[in-house]
Every structure is written in C-alpha cells, then in structure tokens.
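Written out below as structure tokens is the structure these notes cover.
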Amino acid sequence: MKYYRAHVLICSGSNCAIKGCQTIKDALVAVLNKHELQSEIKVVDTGCLGWCEQGPSMVIYPEGVMYSRLKNSDMDEIVTEHLLKGRFVHRLMTQSTDTLGLASPLNMTPFFQKQRRVVLKNCGLINPERLEDYIHAGGYTALATALDKYAPEEIIAMVLDAGLRGRGGAGFLTGKKWSYTKAALGEPKYLICNADEGEPGTFKDRLILEGDPHLIVEGMAIAAYAIGASKGIIYVRGEYDLSIKRMEQAVLQARENGILGEGVLGSGFNFDIEVCAGAGAYVCGEETALIESIEGNRGEPRFKPPYPAEKGLWGLPTCVNNVETLANIPAIIENSPTWYRSLGTENSPGTKVFTLTGNITNSGLIEVPMGITLREIIYDIGGGIPQGRRFKMAQTGGTSGGCLAEEHLDLPMDYDSLASHGSSLGSGALLIMDDSHCILDLTHCFLKFFVHESCGKCTPCREGTPALYKLIGKMTAGQGNQDDLELIHRLARTMQDSSLCALGQTAPVPVLSAFRHFWPEVEAHMTGNCLAHKCFSGRGSKHDH
Amino acid sequence: MIEAPNKRSAQIDVFVGQPGGMLKALHALQSQSEANFLSPADIKLVASKFGVPVAKVWGTVTFYSLFATTPRGRHIIRVCENAPCHVVGASDILAALEQHLKIRAGGTTTDGLFTLEATSCLGVCGVAPAIMIDSTVYGNLTKEQLPALLAEYRQEAQA
Ligand SMILES: Cc1cc2nc3c(=O)[nH]c(=O)nc-3n(C[C@H](O)[C@H](O)[C@H](O)COP(=O)(O)O)c2cc1C
Ligand code: FES
C-alpha cells in the first residue's frame, strides 16, 4: 500500500456539500499540485462529522487538527503553513493547542466529548465509496462471525438481550420483531430497511447512508440471516440523491465481492439487496404504506393486523427496520449484548443519534448514550442558544413529538421518560427554540405539516387535521373562545382513538403538549395577548397562505 | 412537445412486468418530459401498459409530491416550510422568492424557467433555512442571497 505522510479528510456529506465542500476540495487539490505534494498527501472524501454548523470542514492527520468554516482562499495558507511547514493555522482551528503546541484531541472538544459514537463510528473517518476502507475499519467481521459462529436463533437472542429498540420512532424491541418474522410461514421472506426519513428536523438516516453505506449492507445481511429473509429492499427517500447513489454503489461492491448474492461470504446463506427510490410522501415512512409504495401503489397505510411480520410485501412475511436500528446490529454482534447494555439506560440501552436544529449554536448530527439530559445536549454539545437569547422549549421526536419547557431540561433522554411527559424520542429530531417564538404560532406551523401530509384514507385524520389547523389559526388570530378549546380537546381525542395510523394519532400531540406545558401562554391569546409578540400583528399567521 | 407515442412507450417497456414497476415507469416518463410533468396521454399510456384503470394511475400520480400533472418550469424551486426551517426564517425566504419571481407558491414564471413549490422537510435542517433547486440543495440561506442564486440559473438558460 502506498504511504502518505499526511491525510486530509474532507466532509462530503449533504450538509457540507451545500456549503461548498466540493469547491474546497478542488481548491485544495490545485494548491497541492502547485507545490507538487500530490504524492505525499492524500485527500479523502468522507461522510459527515456532524458539526454541520461549522462546515465545510476538514481534519488533517496524523495531527488530528480540524479546520472549519473553510473558504477556497484558505487553502493556500493550510498547505504552505500546515502541510509544508508543520505550523497549525490557528485562526481556522476548531480545537485549542496545549503547552507543547499539540492540538488537543478532537474527542476532547466540547462538541465531541460527551458523544459516544457506535453507529457513526466511521462517519468522517473513512471514504464511504470504498469497500476497502470499510473493511480496514473492521467492517464485515460481524457478518462473518454471525454466519460462522451463530445460528439465526442465537442472533435473535443476542439482539433481544441487548435490548435494542427500533430507532424509527415507535421503539419496539427489535429482537421481538425479528422473532415474529422468523416464526411466520411463507417464502421468500423480506427485509426492508426504512430510509424514507421524512420527519421534519430529522436527517440522521441520510447522513448514515452517505457516510457509511456498507454498515447498512452489513446490518441488513445479519438481520436477514437471523429472520431467514433472502430478499432485502432499502427504500430511500426520492430526494436523497447522494444516499441512493452511495447505497447502489455499496450494494454493487458487496455483490462483486461475494458479500451479497448466492452464498454470502462462502456460506450457504443467500441474500441480495435492491435499492428503491420513494416519490415524495411522508406517510410512506409508515411501514405498511411503504410496502404499498414498493408494490407500485398509492402509499396508503393498511389496516393492522395482519402485521407485516405475517403478511407484508406481496403478502409474504416482512420485517421493516429503520436505518439506525440496523446500523446498531454489527456492533452488538461484535462486542456482545452485555457491552451494548453498558451504554444507555436499563429500558433504553445503547446510544441514540440526534439531529440538532433550530436556535442552537452547533446545529448538526450527534450520537450520545441514551439517558443523557436535554441540558447536556443543548449547552455542552450544542453550545447553547445563540444571540444571547433564552431557551424556551425543545420539541423532541420531530413534528409528531411534544414540546418540553425549561423545567424539563434535566429530563433523561430515553423512551420512557419522554413518553411520561407527553413527548417522545421518536426519530431523534431535536428542535430547539428560543424565547422569541410563540407556542401557538409554532403549533400552527406543526399542524400545517399534517394537513399537507395526511394521506386521506381515514376520515379522522383527513378531516381532523385541517379542522385542528383552522381552530389553532383562529386562536393565533385572537378569536379563540371557550367552545373552541372544548372542540379542540374532543377532536384531538377522536383522532388519537380512531385514526388508522400513527400519523393521525400523533397529529394532536403538539397541540396537547402545548396546552399542557405552556397553558398560560395559550390562555393569554384568548384575551388578545401574545406574550412573544408574534401573533395578531399579521406576523404570526404569515406562513398561512 | 407531444412526442410520438411509441417513443414514450419504449421508455417504459422495461418496467412492465417488473413487480412494483409502475412507479418506476412514472419516474422515468416524468424525468424525460420537457415540462417536468405527466400528461393525460402519459397516464393513459401507463394504464394500458400495466393493464390497470386510468383512475388507478391518476390516483397514484396525484398521491406523490414528486409527480406533477400540470406543466412546470424548467427548474423546480422547493422551499421547506416545516418548523426547523420556520424558526430560522423560512417564511421570509418564501416571501422573498414570491416577490422576486412574481408568482405564488405553486406557480410558474411566465418565461417557463422556474416553478415555485412549498414542501415539507428536505432533510437538510442542519443548515436551515434550506431550498432545493432541482436536485441541488442550498442551505443557510438569507433572502439577500436569492437574486444572485437565481441569476446563475437565468444565465445558464441563456447560454
Ligand atoms: C407517518 C409515519 C411516518 C413514519 N416515518 C418513518 C421513517 O421515515 N423512518 C422510519 O424508520 N420509520 C418511520 N415510521 C415508523 C415505521 O412505521 C416503523 O415503525 C419503523 O420503520 C420500524 O422500524 P424500527 O422498528 O427499526 O424502528 C413512520 C411511522 C408513521 C406512522
Ligand atoms: S425542516 Fe427544513 S429541511 Fe428539514
């Protein structure tokens, strides 16, 4: 293998691509060529490091120095100072230097210090387009171990012991779901990886697929072996061009190298994966709607039962798992369920990937042990609220989750404690809002999403979402009254009880949690007061075209 | 713009008989349509090829937001208006685009160059507020950046 004296890793995830990482890379390569350094220094495209706010960024090894918020014009200085003379460019550095002039390790910077990277371990460190890089980082050993050492039942038992819960939103025990699919009658069985990510504020699956696609191939292959599936489908959101491309490439590489296809890694197990692109509908993330969509139909949810484990794709046993769920599997097999349980909490073991958005200094992608508090995420990792403003609320779990107030900052982030406060961990979206925002104006915005995305199949959701939207709109206009409040509660109850799928069942959650945690502010609107001064002046309903 | 039906038909022949091939056929037809949409003739064609009622194809096409049934501009501008973008100023971006292009969300400019659409989360909220022009995402936008951005597309169209 060729030896390079330095490696420059440039993040090429979507969020950095937007900020111009490609032009940065071109500029860097041009300067390197000018100094004839191309044979000494290697430039590598990697996946997302997570610190999107700071992008585009690069890390130079062996020193492990991270430079951020780069411009093309900075490349000259980085090459002549750092790469030629060995002097760090302090003004662009993310971390500090110690008394010896060494860069403090990246994992000691506040943004990374409290993180624990299991799912994202390769993101930002390997070139996602090269199978060799994944294998160098220890990839596909878990699959080899699984096929070689364990029976399918043992794999299921390990995942059950680890206590892994589905990361797609509902938090169902993955091992249990697998055992149902394994026990179901019918051939072939299908394994579907749900990458339809559409929950507002969520972009973790995208960055996992872009940053480490082979991890998903490996996770899917192990899952398929466990449940006895011979066909895998990964359903990726239609807008995620780069994810689709990287997955197709990874599947092809795996197939060419005997990792997929007839006799996986020389065993008797056959498994192949097809990449399928969505066509733009949030509801298709619901597992039965997703199956309808793969079958080429309108993506409307089916009645359950029968559950997909019994009758899924083409009426055959099907297991649907989220990207992040599958990304946890190789680590569990490799390190043992006990190791996995040493992370996180009793009822929510492991780590969780969160996406930080809204009024927060370091927006981006993070992975932390379950049970970390909201305060640690916002202030230690997220760098706090910008522009000297005050924290007002956080919405967890995306638009179908609830809002938490300041008094909840010390709540541990896990499935059960969030559920007990009327919210949810959901997809891991964390929307942080400062005190310039009005709770009702935001609720109105959340509801607009549901009005737009309701598929129309069941009446409570089709009729209920616009009715709720109108009622909240009336309140933001200062025209709400006591009767409206009662109607809102009745409507919310009906939708929760009788909607066909979780879309309609969770649409009232933001409304109810606003009423529960921010009642004085809601009530003030009834007497013509918007405490945040957003409503009534025409501003609050601006997004209502 | 109306192409010979057998040319359109050849574009989708590979998908007929494939399980779930109808959506793929629709994707293929739309991506090759100059005005970025599926015409009634396209829909009839798919129905006859797949042996299903026209109503079923119509219902499927109108269900998904990536498909359109009316002609659209050469470039589709999609503005995310969900909460994570909203709290950092997405409504100002949409308003500025409407003003600059002199159309409302859903409309197409008279020169046929741009269609403006308001959409749900584009999955790039780490750099909100964000828009997509065709398949390129632009994030961390301010309304001041918009005229220059659109000018690039106009220049390209003239070249
Ligand atoms: C409206 C709606 C949208 C959903 N969107 C997604 C999604 O984008 N990704 C996902 O993995 N699960 C989504 N789900 C949950 C899936 O139905 C399913 O529970 C999940 O894919 C199972 O995987 P898991 O057990 O690994 O979490 C959605 C559910 C509903 C009701
Ligand atoms: S909310 Fe706008 S891109 Fe996600």
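The values are calculated or read from the model by the stated rules, or taken from the named source; none is laboratory data. Keep in mind that this is a model prediction, so the values were computed, not measured. Backbone-built Cβ (ideal geometry, glycine too); neighbour counts: all protein chains shown. For the accessible areas, the whole protein counts, side chains as well, though only heavy atoms, and no ligand, DNA or RNA atoms are used. Shrake-Rupley method; radii C 1.70, N 1.55, O 1.52, S 1.80 Å.
DSSP finds beta bridges in the protein assembly as shown, and of those with both partners inside it, around 50 percent are antiparallel. Relative contact order for segment A:87-195: what is it in percent, counting Cα pairs under 8 Å that are at least 6 residues apart? Normalised by residue count, the contact order of segment A:87-195 is 10 percent.
The alpha carbon centroids of segment A:105-151 and segment B:1-80 are separated by 41 Å. Computed over protein heavy atoms with a 1.4 angstrom probe, the accessible surface ordering of A:Phe172, B:Phe67, largest first, is A:Phe172, B:Phe67. Computed from label points 7 Å out along Cα-Cβ, the spacing between B:Ala148 and A:Gln479 is 4.3 nm. Annotation: the antiparallel percentage among DSSP beta bridges lying fully within chain B is about 55.
Here the calculated FRET efficiency for A:Arg255 and A:Ala137, from their Cβ-Cβ distance with R0 = 22 Å, stands at 0.60, rounded to the nearest 0.05.
Where only protein heavy atoms count, and the probe is 1.4 Å, what is the accessible area per residue for chain A in Å²? Display every interim value, and only then the final one.
Details: 20120 Å² over 545 residues.
Ligands and nucleic acids excluded, the result is 37 Å² per residue.
For segment B:97-126, a reduction of at least 30 Å² in accessible area between the chain on its own and the assembled protein chains (probe 1.4 Å) is found at B:Ser120, B:Cys121, B:Leu122, B:Gly123, B:Val124, B:Cys125, B:Gly126. If one takes the longest principal axis of the Cα atoms in chain B, at what angle in degrees, from 0 to 90 and to the nearest 10, does the Cα axis of helix B:90-101 lie? Once rounded, the angle reads 80 degrees.
Comparing mean-square fluctuations of B:Thr60, B:Thr119, B:Thr108 from a GNM of chain B with C-alpha springs under 10 Å, the top value falls on B:Thr60. Segment A:183-221 and segment A:269-295 have their alpha-carbon centroids 10 Å apart. Its Cα gyration tensor gives segment B:5-63 an equivalent ellipsoid; the semi-axes, largest first and in whole Å, are 15, 14, 11.
Axis of helix B:146-158 versus longest Cα principal axis of chain B: the two differ by about 40°, to the nearest ten degrees.
Interface area, chains B and A: about 3600 Å² of buried accessible surface, summed, with a 1.4 Å probe and ligands, DNA and RNA left out.
Of the DSSP beta bridges with both residues in segment A:131-340, give the percent that are antiparallel, rounding to the nearest 5. If you can, show how the numbers build up before the last one.
On the way: 2 of 20 bridges.
Given both bridge residues lie in segment A:131-340, the antiparallel proportion sits at roughly 10 percent.
Solvent-accessible surface (1.4 Å probe) assigned to A:Lys149 amounts to roughly 130 Å². Rolling a 1.4 Å probe over the protein heavy atoms leaves A:Leu343 with an accessible area of roughly 10 Å².
Share of carbon and sulfur in the accessible area of the protein assembly as shown stands at 52%, probe radius 1.4 Å.
Relative contact order, whole percent, for chain A stands at 13, derived from Cα pairs under 8 Å and 6 or more residues apart. How many angstrom separate the Cα center of segment A:33-101 from the Cα center of segment A:475-514? So the two Cα centres are separated by 51 Å.
Rolled with a 1.4 Å probe across the full set of protein chains, the surface gives A:Ser336 an accessible area near 40 Å². For segment A:351-434, averaging the sequence separation of C-alpha pairs within contact (under 8 Å, six or more residues apart) and dividing by the residue count gives a relative contact order of 37 percent.
Which lysines, on any chain, are close to A:Lys114 with Cα under 16 Å apart, when same-chain ones fewer than 8 places away are left out? Qualifying lysines at Cα under 16 Å: A:Lys352.
Our helix-only sum for chain B, with -39,500 (n - 2.57) per DSSP H run of n ≥ 4 divided by its residues, gives a mean residue ellipticity at 222 nm of -12500 deg cm²/dmol. Across peptide B:84-95, the average count of Cβ atoms from other chains found within 10 Å of a residue's Cβ is 6. Approximating the spin labels as points 7 Å out from Cα along Cα→Cβ, the A:Arg490-to-A:Gln113 distance works out to 5.5 nm.
Taking a ≥ b ≥ c as the square roots of the eigenvalues of the alpha-carbon gyration tensor, chain A is classed oblate because a/c is 1.5 or more while a/b is no larger than b/c. Compared with the direct C-alpha span, the chain from A:His533 to A:Glu295 gains 80.8 nm at full extension, assuming 0.36 nm per residue. Note on A:356-364: average number of Cβ atoms from other chains within 10 Å of each residue's Cβ is 4. Computed about its Cα centre, the charge dipole of the protein assembly as shown is approximately 680 debye, with only Lys, Arg, Asp and Glu carrying charge at their Cβ. Counting only other chain Cβ atoms within 10 Å of each residue's Cβ, the peptide A:287-300 averages 4. A cut-off under 13 angstrom between Cβ atoms defines the neighbours of B:Ile131, and their net charge, with Lys, Arg +1 and Asp, Glu -1, is -4.
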